[in-house]
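Beneath this line is the structure, given in structure tokens, with notes to follow.
The values are calculated or read from the model by the stated rules, or taken from the named source; none is laboratory data. Only a predicted model underlies this, so the values are computations on that prediction, with no experimental measurement involved. Every residue, glycine among them, receives a Cβ derived from its backbone with ideal geometry; neighbour counts consider all protein chains shown. Surface accessibility is based on the protein's heavy atoms, side chains included, excluding ligands, DNA and RNA. Shrake-Rupley method; radii C 1.70, N 1.55, O 1.52, S 1.80 Å.
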2 protein chains.
Amino acid sequence: MSAVIQLIHRGGIASAQGFTAGGVYAGIKTASDDVFDLGMVVSDVPAAVGGVFSQNKVLSPSVTLSKRRVADGSARAIVANSGCANCSVGPQGLTDAEEMTALAAAHADVDPEEVLIGSTGLIGVELPMALVRQNLGNIALSDDGGNRFARSIMTTDTHPKEVAVSTQIDGREIVIGGCAKGSGMIHPNMATMLSFVTTDAAVEPSFLQQCLKSAADTSFNMIDVDGDQSTNDTLIVLANGRAGGDEITGGTPAGDDFQEALTYVCVELAKEMARDGEGATHLVEVTVEGADSLHEARLAARKIVSSLLVKAMIYGRDPNWGRVMMALGNSGIEFEESNVDVFVNEIHIVHEGMSIAYLKDAVVSSMSEEEVRIRVRVGSGEGSATAWGCDLTEGYVIENSAYST
Amino acid sequence: MSAVIQLIHRGGIASAQGFTAGGVYAGIKTASDDVFDLGMVVSDVPAAVGGVFSQNKVLSPSVTLSKRRVADGSARAIVANSGCANCSVGPQGLTDAEEMTALAAAHADVDPEEVLIGSTGLIGVELPMALVRQNLGNIALSDDGGNRFARSIMTTDTHPKEVAVSTQIDGREIVIGGCAKGSGMIHPNMATMLSFVTTDAAVEPSFLQQCLKSAADTSFNMIDVDGDQSTNDTLIVLANGRAGGDEITGGTPAGDDFQEALTYVCVELAKEMARDGEGATHLVEVTVEGADSLHEARLAARKIVSSLLVKAMIYGRDPNWGRVMMALGNSGIEFEESNVDVFVNEIHIVHEGMSIAYLKDAVVSSMSEEEVRIRVRVGSGEGSATAWGCDLTEGYVIENSAYST
């Protein structure tokens, strides 16, 4: 990998050329200072599009509509709201999603079929369309509206999650930027995950879809998932080609560079989601190496980072490594217990499956840092993967025991 | 099913004829009033034996040894300890498990090969064998020692879990009794589950094993599991035939009656485990009916009762039924969203996949009861199953963030 990836200060979804964004407070959520709940992103030219969506059997019609339109391979805009998931409301859900995209299309002067939609919030409540009709036209679209858009999709997030990078591909600077909302971080996909990414690179549509899937597999799909997905999970990328140059395709150095930069953006957004888990006080990074395959390394890393006992142990700064062994043993991957080594913040605490002498105070002390890294070597295979999560605190319980009332 | 099952007041693992039990404080756990940590159950004649054990890839040598001996089909005694899981300690673990069973065999005057073992507690710490050697011989075995045995296996349980029943089989009274320890109830099998059951019925060994597996599938395997199992999970049944009569076999009315009574005992113990989950304030019972098969009904019931968002909602007495729909959608079973009905404590809150008018105050009020029942009808199939769990409270986090330190 050779691309130099540079972070753009205060960058986000409107950093790439030809994109504008914005958000307003429409009254869908409870009002407080600086709250937005309805936002749009628009490309000034048609963009190639890729999407990854929830596999839940119960889907929000907002997801159903976006999936259908992403399949066309081209789009111009995204409209998104928080405060209402537009899910489990019967046929009215699709009617409302279609109307919301039509209103957004009118506001951006594009075709309704070119508008995608994402929703997050309470399930079982219809979208308050009167509020949407009244306020959507007030969304000011601008180059610096990315932060307002990012705020529009927040639910229990404590801050917006945005990142943008620039990199050189075929001697030409391209920008990739995006934002995300997460939270509900014990099994985050049970809470809605929304993420939207834009780029001014010119990318061949089927390769763009393939890149997005691959990036999702090492980022959003590696944050504490346990196989669960919400009714509304949505990840969309728009590539409008405004940076110029030939279309980037797969199997080329340019394709590899694009993949690397897109994955970087997705990993940064995913880590921000993990870090901002409900009630979280630590970001936890679990790396499993030496597994028989990438698939097995991913399975084990996710299982460990998702273990409630591991998560509670990290909150308590308690290097009770038996819980790591137990989670590993439950992951279903192949390994020999007598080959397992465990490191906490690079302090070696288990060797060949057994506790070794270590300075417990040093481990406890290192677990006071905001980031806790657990590295587990399970053998001598080629498979290596990293997963991210957060600790489990009383704060999670308090937030989730009173959400709708 | 025709057997009349009668609860025995203060019954437990020593209620059946020919069984004695006891427990002592050996110093494996921290001392406080009424603490025991080492116990034994003995049959005065050889007993048929069945066992169900953890599928975790990392197993305590206590499990390894018991699995091997259960395969012989006959046993005389069980020795169990809390405070130490005897797991991830290298070859010393099996050496210690063998010595502990030999000490128990000497105390009960039986063959060491006829003694089974169960351990629960911290992983990665060797059994303090000096304490075991010094104290095991002090275990007083008696008809009324079942409660002391039940206390010996407790960890974070707030009280011992015991039950015994009598029933008539072929005109003869037989008794089945047992005890269990649970806790760690978000995913209880990640904490150790130990349960031991005795009966004076005469049961053909392979049928006994089959009955135990079937009973486990509708009881311990239906409490909030999510596929996770600890390194030490152990369920053992001993049937010593002291009630007399012919050996009970499968495919007979007597076999059906025995299965029903054994399942009853296991379900009661499992419900007690769920009710006593760490920090729990509610027992949650989820029934899924109308599924395409028993397997699908079980999958869905377990998924709903295991959902952290559902569990937190019950603690908060918040009928946020969207979370039930989300968990159902993640279970992987076949259903149509528009066929789903949901009842909370028999109050109908979702009809044909959509929220219906209901008295929210009545639902909230009913959720104040110690037991909360969620019934989900997913279609018109024959599959029906019930799962049990508990709510998620701050108490769970507090208990699990400081366990080893």
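B:Ala85 is checked against (1) at pLDDT 95 or above; (2) within 18 Å of the chain's Cα centre (by Cα) and fails just one. What number does that condition carry?
Of (1) at pLDDT 95 or above; (2) within 18 Å of the chain's Cα centre (by Cα), only one is false for B:Ala85: (1).
Taking region B:135-154 as the region of interest, how many residues are open to solvent by less than 40 Å² (accessible area, probe 1.4 Å), under 11 Å from B:Gly22 (Cα atoms) and not small (Gly, Ala, Ser)? Explain how you work it out, then say what you get.
The first filter runs over region B:135-154 and keeps only residues open to solvent by less than 40 Å² (accessible area, probe 1.4 Å), leaving B:135-136, B:139, B:142, B:145-146, B:149-150, B:152-154.
In the following step, the residues that additionally are under 11 Å from B:Gly22 (Cα atoms) were identified as B:136, B:139, B:142, B:145-146, B:149-150, B:152.
From what's left, not small (Gly, Ala, Ser): B:136, B:139, B:149.
Selection size over region B:135-154: 3.
Can you tell me which residue among A:Ser66, A:Ser15, A:Ser43 is touching a residue at least 40 places away in the same chain (Cβ under 8 Å), within 18 Å of A:Glu204 (Cα to Cα) and not aliphatic (A, V, I, L, M)?
Numbers: A:Ser66 fails: within 18 Å of A:Glu204 (Cα to Cα); A:Ser15 fails: within 18 Å of A:Glu204 (Cα to Cα).
After ruling out the rest, the residue left standing is A:Ser43.
What pairs can you find where one residue is in region B:325-341 and within 17 Å of A:Thr64 (Cα to Cα), the other is small (Gly, Ala, Ser) and in a helix (DSSP H, G or I), and their Cβ atoms are less than 9 Å apart, with a gap of 6+ or different chains?
B:Glu337/B:Gly329
Could you tell me whether any residue of region B:25-32 is of a type in the set (Val, Ile, Thr), farther than 12 Å from B:Phe149 by Cα and open to solvent by 10 Å² or more (accessible area, probe 1.4 Å)? Walk me through it before giving the result.
First, the residues of region B:25-32 that are of a type in the set (Val, Ile, Thr): B:28, B:30.
Remaining after also requiring farther than 12 Å from B:Phe149 by Cα: B:28, B:30.
Checking which are open to solvent by 10 Å² or more (accessible area, probe 1.4 Å) leaves us with B:28, B:30.
Yes: region B:25-32 contains one or more residues that are of a type in the set (Val, Ile, Thr), farther than 12 Å from B:Phe149 by Cα and open to solvent by 10 Å² or more (accessible area, probe 1.4 Å).
Can you name the condition, by its number, that B:Glu369 falls short on among (1) open to solvent by 10 Å² or more (accessible area, probe 1.4 Å); (2) at pLDDT 85 or above; (3) away from chain A (no Cβ under 14 Å)?
That leaves (2) as the condition not met.
Would you pick out the residues in region A:204-257 that are at negative phi and within 14 Å of chain B (Cβ to nearest Cβ)?
Restricting attention to region A:204-257, the residues satisfying the condition of being at negative phi are A:204-223, A:225, A:228-240, A:242-243, A:246-250, A:252-257.
Result: A:Val225, A:Asp228, A:Gln229, A:Ser230, A:Thr231, A:Asn232, A:Asp233.
Check whether at least one residue in region B:263-272 is out of contact with any helix residue (DSSP H, G or I) (no Cβ under 9 Å at 6 or more places or on another chain) and buried (at least 24 other Cβ atoms within 10 Å of the Cβ), and report yes or no. Break it down into steps so the answer makes sense when it comes.
As a first pass, look at region B:263-272 and keep what is out of contact with any helix residue (DSSP H, G or I) (no Cβ under 9 Å at 6 or more places or on another chain): B:268, B:271-272.
Subsequent filtering for residues that are buried (at least 24 other Cβ atoms within 10 Å of the Cβ) retains none.
No, because not a single residue in region B:263-272 is out of contact with any helix residue (DSSP H, G or I) (no Cβ under 9 Å at 6 or more places or on another chain) and buried (at least 24 other Cβ atoms within 10 Å of the Cβ).
When you check A:Gly383 against the structure, is it buried (at least 18 other Cβ atoms within 10 Å of the Cβ), more than 9 Å from every other protein chain (Cβ to nearest Cβ), of a type outside the set (Lys, Arg) and under 30 Å from the mean Cα position of the chain (by Cα), yes or no?
Values: buried (at least 18 other Cβ atoms within 10 Å of the Cβ): yes; more than 9 Å from every other protein chain (Cβ to nearest Cβ): yes; of a type outside the set (Lys, Arg): yes; under 30 Å from the mean Cα position of the chain (by Cα): yes.
Spelling it out, A:Gly383 is indeed buried (at least 18 other Cβ atoms within 10 Å of the Cβ), more than 9 Å from every other protein chain (Cβ to nearest Cβ), of a type outside the set (Lys, Arg) and under 30 Å from the mean Cα position of the chain (by Cα).
Among B:Ala301, B:Ala385, which is the only one that is under 30 Å from A:Gly277 (Cα atoms) and modelled with pLDDT of 90 or more?
Values: B:Ala385 fails: under 30 Å from A:Gly277 (Cα atoms).
B:Ala301 is the lone residue from the list that is under 30 Å from A:Gly277 (Cα atoms) and modelled with pLDDT of 90 or more.
Please verify whether B:Pro160 is more than 14 Å from chain A (Cβ to nearest Cβ) and more than 16 Å from the chain's Cα centre (by Cα), treating the condition exactly as stated. Step through it out loud before you land on a result.
Values: more than 14 Å from chain A (Cβ to nearest Cβ): yes; more than 16 Å from the chain's Cα centre (by Cα): no.
Against the criterion (more than 14 Å from chain A (Cβ to nearest Cβ) and more than 16 Å from the chain's Cα centre (by Cα)), B:Pro160 does not qualify.
Which one is nearest to the other protein chains (Cβ to nearest Cβ), of the residues in region B:106-129 that are of a type outside the set (Asp, Glu) and over 21 Å from B:Arg151 (Cα atoms)?
Among those that are of a type outside the set (Asp, Glu) and over 21 Å from B:Arg151 (Cα atoms), it is B:Gly124.
Among the numbered criteria (1) at pLDDT below 95; (2) in contact with a Gly (Cβ under 7 Å, 6 or more places away or on another chain); (3) open to solvent by less than 10 Å² (accessible area, probe 1.4 Å), which one does A:Leu208 miss?
Answer for A:Leu208: the failing condition is (1).
Just to be sure I understand, how many residues within region B:273-287 are open to solvent by 20 Å² or more (accessible area, probe 1.4 Å), of a type outside the set (S, T, N, Q) and in contact with a strand residue (DSSP E or B) (Cβ under 6 Å, 6 or more places away or on another chain)?
We begin by selecting, within region B:273-287, every residue open to solvent by 20 Å² or more (accessible area, probe 1.4 Å); these are B:275, B:279-281, B:285, B:287.
If we keep only those that are of a type outside the set (S, T, N, Q) too, we end up with B:275, B:279-280, B:285.
So of that shortlist, the ones also in contact with a strand residue (DSSP E or B) (Cβ under 6 Å, 6 or more places away or on another chain) come out as B:275, B:280, B:285.
So the answer is 3.
Would you pick out the residues in region A:59-78 that are open to solvent by 10 Å² or more (accessible area, probe 1.4 Å) and among the polar types (S, T, N, Q)?
Hits for region A:59-78 are A:Thr64, A:Ser74.
Working carefully through the options B:Val175, B:Val132, B:Val197, find the one that is more than 14 Å from every other protein chain (Cβ to nearest Cβ), in contact with a Gly (Cβ under 9 Å, 6 or more places away or on another chain) and either without any contact (Cβ under 8 Å) to a residue 12 or more places away in the chain or open to solvent by less than 10 Å² (accessible area, probe 1.4 Å) (or both). First the steps, then the outcome.
On the way: B:Val175 fails: either without any contact (Cβ under 8 Å) to a residue 12 or more places away in the chain or open to solvent by less than 10 Å² (accessible area, probe 1.4 Å) (or both); B:Val132 fails: in contact with a Gly (Cβ under 9 Å, 6 or more places away or on another chain).
Being more than 14 Å from every other protein chain (Cβ to nearest Cβ), in contact with a Gly (Cβ under 9 Å, 6 or more places away or on another chain) and either without any contact (Cβ under 8 Å) to a residue 12 or more places away in the chain or open to solvent by less than 10 Å² (accessible area, probe 1.4 Å) (or both) holds for just one of B:Val175, B:Val132, B:Val197, which is B:Val197.
Please enumerate the residues belonging to region B:38-47 that are buried (at least 24 other Cβ atoms within 10 Å of the Cβ) and among the hydrophobic types (A, V, I, L, M, F, W, C). Step through it out loud before you land on a result.
Going residue by residue through region B:38-47, those that are buried (at least 24 other Cβ atoms within 10 Å of the Cβ) are B:38-43, B:47.
Across region B:38-47, the qualifying residues are B:Leu38, B:Met40, B:Val41, B:Val42, B:Ala47.
I'd like to verify a number: residues in region A:246-260 that are touching a strand residue (DSSP E or B) at 6+ places or on another chain (Cβ under 7 Å) and either free of Cβ contacts under 8 Å to residues at least 12 places away in the same chain or assigned to a loop (DSSP other than H, G, I, E, B) (or both), how many? Step through it out loud before you land on a result.
Taking region A:246-260 first, the residues touching a strand residue (DSSP E or B) at 6+ places or on another chain (Cβ under 7 Å) are A:247-248, A:254-255, A:257-258.
Still in the list and also either free of Cβ contacts under 8 Å to residues at least 12 places away in the same chain or assigned to a loop (DSSP other than H, G, I, E, B) (or both): A:247.
Residues that pass the stated criteria total 1.
Could you please let me know if B:Asn81 is within 14 Å of chain A (Cβ to nearest Cβ), buried (at least 22 other Cβ atoms within 10 Å of the Cβ) and touching a residue at least 40 places away in the same chain (Cβ under 8 Å)? Give the steps one after another, and end with the answer.
Numbers: within 14 Å of chain A (Cβ to nearest Cβ): no; buried (at least 22 other Cβ atoms within 10 Å of the Cβ): yes; touching a residue at least 40 places away in the same chain (Cβ under 8 Å): yes.
The answer is no for B:Asn81.
Which residues, counting only those in region B:84-104, are over 18 Å from B:Leu59 (Cβ atoms) and either in contact with a Ser or Thr (Cβ under 6 Å, 6 or more places away or on another chain) or surrounded by fewer than 24 Cβ atoms within 10 Å (Cβ to Cβ) (or both)?
Initial filter on region B:84-104 (over 18 Å from B:Leu59 (Cβ atoms)): B:99, B:102-104.
The answer is B:Glu99, B:Ala102, B:Leu103.
Among what's in region B:304-319 and is open to solvent by less than 10 Å² (accessible area, probe 1.4 Å) and not hydrophobic (A, V, I, L, M, F, W, C), pick the residue that is nearest to the chain's Cα centre (by Cα). Quick ask: steps written out before the conclusion?
From region B:304-319, those open to solvent by less than 10 Å² (accessible area, probe 1.4 Å) are B:304-308, B:310-314, B:318-319; that's our starting set.
Subset that is not hydrophobic (A, V, I, L, M, F, W, C): B:306-307, B:311, B:318-319.
Numbers: B:Ser306: 16, B:Ser307: 20, B:Lys311: 20, B:Asp318: 29, B:Pro319: 29 Å.
Checking each candidate, the answer is B:Ser306.
Select from region A:320-342 the residues that are more than 7 Å from chain B (Cβ to nearest Cβ) and open to solvent by 20 Å² or more (accessible area, probe 1.4 Å) and write down the one among them that is nearest to the chain's Cα centre (by Cα).
Among them, the one singled out is A:Gly332.
Test B:Met354 against the criterion of being within 30 Å of B:Asp276 (Cβ to Cβ) and at pLDDT below 90, and give yes or no.
Details: within 30 Å of B:Asp276 (Cβ to Cβ): no; at pLDDT below 90: yes.
Criteria not met by B:Met354.
Taking B:Ala243 as meeting all but one of (1) open to solvent by 10 Å² or more (accessible area, probe 1.4 Å); (2) at pLDDT 95 or above; (3) assigned to a strand (DSSP E or B), write down the number of the exception.
(3)
Please list, ordered by first then second residue, the pairs with beta carbon atoms under 6 Å, 6 or more apart or interchain, first in region B:299-314 and within 9 Å of another protein chain (Cβ to nearest Cβ), second small (Gly, Ala, Ser) and buried (at least 24 other Cβ atoms within 10 Å of the Cβ).
Short answer, once both residue conditions are applied: B:Lys303/B:Ala327; B:Lys303/B:Ser331; B:Ser307/B:Ala327.
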